[in-house]
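The values are calculated or read from the model by the stated rules, or taken from the named source; none is laboratory data. In this text, all values refer to a predicted model and were calculated from it rather than measured experimentally. Cβ placement follows ideal geometry from the backbone for every residue including glycine, while neighbour counts extend to all protein chains displayed.
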Amino acid sequence: MGPAPPGADRYLAELAWLGGPSQAIEKDVLLEVRDGRIAHVTPEAGAPLDGSVRLAGLTFPGLANAHSHAFQRALRGRTHARTQNGDFWSWRDAMYGLAARLDPESLFALARAVYGEMALAGICAVGEFHYVHHDPSGRPYGEPNAMGAALMQAASEAGVRLTLLDTCYLRGGFDRPLDGPQKRFGDRDALAWARRAGTIEVSGDTVIGAAIHSVRAVDPASMEIVRDWAAERGVPLHVHVSEQRAENEACLAATGHTPVGLLEAAGILGPMTTAVHATHVSRGDIARLGASSTRVCLCPTTERDLADGVGPAGALMRAGSPLCLGSDSQAVVDLFEEGRAVELDERLVTERRGHHRAVDLMRAATVGGMRSLGRAGGVLEPGAPADFVTVRLDSPRTAGAGAQGALDHVVFAAGSADVTHVTVRGRPVVADGVHVGLGDVGRALKESIGPLLEKHR
């Protein structure tokens, strides 16, 4: 082991999974960081060096949350009353009511707290599927991207890297214009969306990507404009796909295609595209997604919270679609739970175990998510961004984990509360379970959600 690079910070991980396809766990791994990137990785480094930070437990690459609607965190626990029983569509009405009450200031406060909650859960990068663009009447703010700017500032202050997926949302359904709260989601047409999105002033470590809300919200000709906008810039393109059976039925009736078939016809599928949910896809759809290497983002806690169903994750992966994970509506913020739910929910449907290995689920939560967000990372190797997370192995959930079984133990038993340290681009964001910049994240959540609820009364 050579000398540390000048100005490097040192972290000595008790145990580390370095990423990649191997499930092997390394011991006493020295991570040397310089200028936000990993400079050296040395397993079996021995005793801590002077000035090094000791990371007790299992350290691994930073988690990537590939699908988020930050503002929906305010709905947690408020859509489950018996009088509100129903399906996705009844939940959507409550979501629209919340969206109608947002402004740049309240969105900033809420998103900063939510991104702080994500950081505490080990999330180093997040993809924000952003469609609340304009004021409640649908008129642009004086700064047309004020809401997006609020999200960028929120992520910066929370220490999380943001991919802002600016979303094209043009109609309320295949045969309906935007109405009510939806008006603030839409631009006049796809060209107007492209002009506005093209003027976003990037701040912090932000990537600007694109999103098509859904096949019901964007017509094929407009999809092609969004596709070309993203392709010209080499940025990721995300789209909600087949989250509910009703969406499939409406698409077939209106176009003669399934949503995936319609996206294929519009040239949307491909390795820079992420299909979010893909819950109700046919065998032909699975083949199309896999053959085009289209990524699939699964959000199991939201999908079960909304009674959407269980997607064919194993079949999608075998067909050739790389998987990633998202917290979506923030029913919980815990990518460990999202990852194991991919396997456990599929067990319930098939009555069979062993669809996904722990290492594959962890790759979905790390490198899979980073690639979906147009980012490098997801591995601990020289040159990679210095994003890494440590989980304690002595909590009631993780105690008893052995070194070589630690990855299985973390994937199938750990929770966000077991995260002790988070480093993003070489900067400590969480230390000893406390957010370095925000302090009491629970208080920040309470203070940002409260005024939004007051507006509703």
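Scanning the range 38-73 for residues that are closer than 30 Å to A275 by Cα and more than 18 Å from the chain's Cα centre (by Cα) yields a single hit, T59. Total residues in the range 193-202 satisfying the condition of being surrounded by 15 or more Cβ atoms within 10 Å (Cβ to Cβ) and either more than 25 Å from the chain's Cα centre (by Cα) or outside the structural domain of V215 (by TED's automatic domain parsing) (or both): the figure is 0. The condition of being farther than 23 Å from G326 by Cα and charged (D, E, K, R) does not hold for R425.
Does the range 168-179 contain at least one residue that is in a strand (DSSP E or B), modelled with pLDDT of 95 or more and surrounded by 17 or more Cβ atoms within 10 Å (Cβ to Cβ)? The answer is yes, given that some residue of the range 168-179 is in a strand (DSSP E or B), modelled with pLDDT of 95 or more and surrounded by 17 or more Cβ atoms within 10 Å (Cβ to Cβ).
Evaluation of R216 against the conditions (1) crowded, with 17+ Cβ neighbours inside 10 Å; (2) closer than 21 Å to N145 by Cα; (3) at pLDDT 95 or above shows that the sole unmet condition is (2). The test for being surrounded by fewer than 20 Cβ atoms within 10 Å (Cβ to Cβ), assigned to a helix (DSSP H, G or I), in contact with a Gly (Cβ under 7 Å, 6 or more places away or on another chain) and in the same structural domain as F174 (by TED's automatic domain parsing) holds for E224. From the list L55, L98, L49, L102, the one residue that fits, being outside the structural domain of R195 (by TED's automatic domain parsing) and touching a Phe, Trp or Tyr at 6+ places or on another chain (Cβ under 7 Å), is L55.
Residues that are β-branched (V, I, T), closer than 18 Å to A211 by Cα and either outside the structural domain of R227 (by TED's automatic domain parsing) or more than 17 Å from the chain's Cα centre (by Cα) (or both) do not occur anywhere in the range 305-320. Here is the figure for the range 27-36: residues that are in a strand (DSSP E or B) and surrounded by fewer than 16 Cβ atoms within 10 Å (Cβ to Cβ) total 1. Within the range 246-254, none of the residues are in a loop (DSSP other than H, G, I, E, B) and modelled with pLDDT of 95 or more. Being on the phi < 0 side of the Ramachandran plot and surrounded by fewer than 24 Cβ atoms within 10 Å (Cβ to Cβ) is the requirement here; does A211 meet it? No.
Scan the range 309-316 and give yes if some residue there is closer than 14 Å to D345 by Cβ, of a type in the set (G, A, S) and modelled with pLDDT under 95, otherwise no. The answer is no, given that none of the residues of the range 309-316 is closer than 14 Å to D345 by Cβ, of a type in the set (G, A, S) and modelled with pLDDT under 95.
Considering every residue within the range 268-277, establish whether at least one is among the aliphatic types (A, V, I, L, M), within 16 Å of L316 (Cβ to Cβ), in contact (Cβ under 8 Å) with a residue 60 or more places away in the chain and assigned by TED's automatic domain parsing to the domain that holds G309. Yes, the conditions are met somewhere in the range 268-277. Against the condition under 21 Å from D418 (Cβ atoms), touching a residue at least 24 places away in the same chain (Cβ under 8 Å) and in contact with a Phe, Trp or Tyr (Cβ under 8 Å, 6 or more places away or on another chain), how does A401 come out, does it pass? Judged against the criteria, A401 is not a match.
What about R245, is it farther than 23 Å from H80 by Cβ, charged (D, E, K, R) and either without any contact (Cβ under 8 Å) to a residue 24 or more places away in the chain or surrounded by fewer than 19 Cβ atoms within 10 Å (Cβ to Cβ) (or both)? When the stated conditions are applied, R245 does not pass them.
Is one or more of the residues making up the range 337-344 within 30 Å of R37 (Cα to Cα), touching a Leu at 6+ places or on another chain (Cβ under 7 Å), of a type in the set (D, E, K, R) and crowded, with 24+ Cβ neighbours inside 10 Å? The answer is yes; a qualifying residue exists.
Against the definition (under 14 Å from E117 (Cβ atoms) and either outside the structural domain of V419 (by TED's automatic domain parsing) or assigned to a helix (DSSP H, G or I) (or both)), how does E343 come out, yes or no? The answer is no for E343. Among the residues here, A210 qualifies as closer than 22 Å to H134 by Cβ, in a strand (DSSP E or B) and touching a residue at least 12 places away in the same chain (Cβ under 8 Å).
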